[in-house]
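Shown next, in structure tokens, is the structure this report addresses.
The values are calculated or read from the model by the stated rules, or taken from the named source; none is laboratory data. This structure is a prediction, so every number in the text was calculated from the model and none was measured. Backbone-built Cβ (ideal geometry, glycine too); neighbour counts: all protein chains shown.
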């Protein structure tokens, strides 16, 4: 049984001008212990997918109109409140993109961290002392010095890198099988990014947690993940083992992405991909990438491609590879 | 001890401001034509008496000399002689201040507590009927002057329904409780005199409500939108993924951060109501500082005017300092500021 | 799809039209703002055209007819008549005139003064000029606005002009403070510093560089302020410090009518509702403008 199996997920948002059909049939699956990357440009639906898995989409205006999210065999979309609570407490954790926004500014770190630990270990009936010890331990694990002092601090007193480490500590201290990291380093200083990522990667490996790393950086994905999903406009357009994807990108979008990365060998300005991401109010028919695709065919305008198997776990949603 | 330093700084600043204010009002007041001495003593007083009166009050001296005399007195607590009541202004203030204090305390309480509660209820039932009612109510409350509410209440509860008294602090057939705090309601509770307490409350509720309704609506609206905003923030989403029960998220984590903007506004709102109290006290014949204030204003009793402005200014200052302290207690970002570079 | 070159080549006129269209679209999305704008326009028209649209324009002045005095609302007199037999509907229309004039004059006086002082104080931060200006504003805001206005109005002779002066006197500091906040936060922006370095005069920096950043908040504030000024002015006239009889003034009408409650309720109630109506309109309009400007920012 796969750890996480999303099939044909359709999610949209009711906004003033109409209905934004963001996720248009997302397929995503991973096994226990895997470290999977999810790449895509801003606005393609990565965070919406993550939030759907965690069931924290703002329900008006968001609407899930189809599909299923199977986590360890149970559909998250049809779970009852207390089942979801258990999943939150002990199975899935999330690290948000902006650590400043993710921490409540008027409460101490200690309060937030210890509350998180207490509720995730709700079945263990820990004493205050024990919770505190675990909190200190968690901070030590993310290499934060002087853990005792930090517990008393407020987020405003700490730097961005420290805040993200605390978020990581919160995610890992709460016993998770699956960690979803949504662009964990994007809002950090460039000099800190590497540090924090390295730490995250090490911890994930140490605890053998399954992880989804959401990012728009191909470089990160190459270094840290075993398998990659490429997402565009609410659909997964390609998936493959990391190495395979970089050596052999099949989908025209992926190819465009790869080509757009400037190379150190200095071959001049890297070509971009023509056009822009679609308007979710009026998305293109058929394959959502067809307006920008250099290999567009008639069928692309009419039908939506499913994920075609190209061998060795390499799938791509493009009619070029229909057979 | 940071807080102490802060208070000290504010108090010093405000003393300077009040001083400046006194100079300003003094200057404006002395600009007016007319003869205060003649006005005080009436047209039939002999000229010699009026002249002596003028000498005693230094009315013939240049402005700065007059101001000097005033300051000398003010430091000692003597605000001079009131032409209107024909006695010491300080005595007048002592007499009338408790009534206004009681009124403003209840008003402040209603404004803040009920305003915030209403805002919370509104946010919880977002877009349902309660929320819409509160929204309409808040629009109306903000654009209705307090004196309109006062007249309305007087009409409805005082005359038509006849369930609430319309004048003063205590009905004529009730004995005044022994004065401990000067607040009729508290004093009667202390004395264990429940009929008096009840009567005092009945007198207090209409003017208080008239003053409190407008800002209460405003506070509700601010609280509601603050809560609605914060609900979208990432930290709330994170707390949900941590399996913290929704109740706890709402009542603890959402609440504290959402009432900060409301509390910040409370100071200003309270101040503006101190102003409207002048009219409301007049309408209800409430024997408070504000009614005294409007009377001295309308009668051009300069000593009275300046003294009232000073006292009100002081009240405002105290309220502001309290509000600032509460806000900085609630919001560590303000009290800790940039201890570290962010 | 436009390229950058195409956009830049469009004339200034068409660009402004685009902005207006976009602003109108955002504005019109909120039905409440439309209501506010509608109310303001209606009040404005009633005020301007009062002599032509009111049923009994002569009632706005010295008019007495005891036969029809204190009559409840009827077909002939929609809002009833007061104790002198004057039609209240007419007087409300003329009252709008006074209110709007008040608002325009007060804001017209205080906004330029306050804004200019605020710009100077904010730009010249940490100099004696800033301290002087800001301390003076502190003095004016240390007392509740109404109290200062009442005091000043009472000390001067009670009439419309003096009450306008009184309100203006305590109104300007708020503009000053608001603009001070914006100016002092912008002081260290690069474009200001580069203007300084290239020798731009202070006046240029203040009015051509910093001031344009204040359009939005000032515009919002002006719209909201119209309501507040009208409210404050009505308070002054409520105690008799504003327009003198027989000039129709909404605050005075409420005060006069208060004496005849509850039996002749219409004498006070309709003017009161009129005040609320006008303030409501400006409030909503101001909110709508503020929301629109916020959206534009994002």
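Tabulated data for the structure shown
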{"read-out": "Boolean, residue A:170 is within 12 Å of chain B (Cβ to nearest Cβ), touching a helix residue (DSSP H, G or I) at 6+ places or on another chain (Cβ under 6 Å), farther than 17 Å from residue A:196 by Cβ and not in a loop (DSSP other than H, G, I, E, B)", "value": "no"}
{"read-out": "Residue in region C:42-52 that is over 25 Å from residue C:289 (Cβ atoms) and surrounded by 13 or more Cβ atoms within 10 Å (Cβ to Cβ) present", "value": "yes"}
{"read-out": "From the options B:293, B:267, B:304, residue that is farther than 26 Å from residue B:26 by Cβ and either in contact with a strand residue (DSSP E or B) (Cβ under 6 Å, 6 or more places away or on another chain) or within 12 Å of chain C (Cβ to nearest Cβ) (or both)", "value": "B:267"}
{"read-out": "Checking residue A:60 against (1) part of a loop (DSSP other than H, G, I, E, B); (2) under 18 Å from residue A:212 (Cβ atoms); (3) over 17 Å from the mean Cα position of the chain (by Cα), the condition it does not meet", "value": "(2)"}
{"read-out": "From the options B:137, B:149, residue that is in contact with a helix residue (DSSP H, G or I) (Cβ under 9 Å, 6 or more places away or on another chain), within 13 Å of another protein chain (Cβ to nearest Cβ) and within 25 Å of residue B:230 (Cβ to Cβ)", "value": "B:137"}
{"read-out": "Contacts under 8 angstrom Cβ, first residue in region C:183-205 being surrounded by 11 or more Cβ atoms within 10 Å (Cβ to Cβ), partner not in a helix (DSSP H, G or I), 6 or more apart", "value": "C:184/C:125; C:187/C:125"}
{"read-out": "Helices (runs of 4 or more DSSP H) fully within region C:85-159 counting 3 or more residues that are within 14 Å of another protein chain (Cβ to nearest Cβ) and surrounded by fewer than 22 Cβ atoms within 10 Å (Cβ to Cβ)", "value": "C:128-141"}
{"read-out": "Filtered residues of region B:116-159 (kept if crowded, with 20+ Cβ neighbours inside 10 Å and not in a helix (DSSP H, G or I))", "value": "B:144, B:145"}
{"read-out": "Residue among B:223, B:185 that is at pLDDT 85 or above and either within 14 Å of another protein chain (Cβ to nearest Cβ) or in contact with a helix residue (DSSP H, G or I) (Cβ under 9 Å, 6 or more places away or on another chain) (or both)", "value": "B:223"}
{"read-out": "Only one of A:139, A:113, A:144 that is away from chain B (no Cβ under 11 Å), in a helix (DSSP H, G or I) and either at pLDDT 90 or above or within 14 Å of residue A:199 (Cβ to Cβ) (or both)", "value": "A:139"}
{"read-out": "Residue match in region B:320-334 (condition: under 22 Å from residue C:140 (Cβ atoms), within 14 Å of chain C (Cβ to nearest Cβ) and assigned to a helix (DSSP H, G or I))", "value": "yes"}
{"read-out": "Qualifying position, being more than 10 Å from chain B (Cβ to nearest Cβ), closer than 27 Å to residue C:119 by Cβ and at pLDDT 85 or above, among C:218, C:210", "value": "C:218"}
{"read-out": "The one condition in (1) outside any loop (DSSP other than H, G, I, E, B); (2) free of Cβ contacts under 8 Å to residues at least 40 places away in the same chain; (3) over 18 Å from residue A:46 (Cβ atoms); (4) touching a helix residue (DSSP H, G or I) at 6+ places or on another chain (Cβ under 9 Å) that residue A:284 fails to fulfil", "value": "(1)"}
{"read-out": "Residues (more than 10 Å from every other protein chain (Cβ to nearest Cβ) and either over 18 Å from residue A:97 (Cβ atoms) or within 18 Å of the chain's Cα centre (by Cα) (or both)) located in region A:149-167", "value": "A:149, A:150, A:151, A:152, A:164, A:165"}
{"read-out": "Yes/no for residue A:232 being touching a strand residue (DSSP E or B) at 6+ places or on another chain (Cβ under 6 Å), under 27 Å from residue A:20 (Cβ atoms) and either modelled with pLDDT of 85 or more or surrounded by 20 or more Cβ atoms within 10 Å (Cβ to Cβ) (or both)", "value": "no"}
{"read-out": "Count - residues of region B:229-256 that are facing chain A (nearest Cβ under 7 Å) and assigned to a helix (DSSP H, G or I)", "value": "8"}
{"read-out": "Every residue from region C:212-240 that is outside any helix (DSSP H, G or I) and surrounded by fewer than 20 Cβ atoms within 10 Å (Cβ to Cβ)", "value": "C:240"}
{"read-out": "Residues being within 11 Å of chain C (Cβ to nearest Cβ) and surrounded by 14 or more Cβ atoms within 10 Å (Cβ to Cβ) - total across region B:160-178", "value": "1"}
{"read-out": "Conditions (1) surrounded by 21 or more Cβ atoms within 10 Å (Cβ to Cβ); (2) over 19 Å from residue A:199 (Cβ atoms); (3) at pLDDT 90 or above; (4) more than 8 Å from every other protein chain (Cβ to nearest Cβ): number failed by residue A:87", "value": "(3)"}
{"read-out": "Residue C:59 vs. criteria at pLDDT below 75, buried (at least 19 other Cβ atoms within 10 Å of the Cβ) and either out of contact with any helix residue (DSSP H, G or I) (no Cβ under 6 Å at 6 or more places or on another chain) or not in a loop (DSSP other than H, G, I, E, B) (or both)", "value": "yes"}
{"read-out": "Unmet requirement for residue B:281, which otherwise passes all of (1) modelled with pLDDT of 85 or more; (2) closer than 21 Å to residue B:13 by Cα; (3) in contact with a helix residue (DSSP H, G or I) (Cβ under 6 Å, 6 or more places away or on another chain); (4) more than 9 Å from chain C (Cβ to nearest Cβ)", "value": "(2)"}
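Yes/no per residue for (1) out of contact with any helix residue (DSSP H, G or I) (no Cβ under 8 Å at 6 or more places or on another chain); (2) buried (at least 18 other Cβ atoms within 10 Å of the Cβ); (3) within 11 Å of another protein chain (Cβ to nearest Cβ); (4) more than 20 Å from residue C:46 (Cβ to Cβ):
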position: C:242; (1), (2), (3), (4): no, yes, no, no
position: C:251; (1), (2), (3), (4): no, yes, yes, no
position: C:271; (1), (2), (3), (4): no, yes, yes, no
position: C:289; (1), (2), (3), (4): no, yes, no, yes
position: C:292; (1), (2), (3), (4): no, yes, no, yes
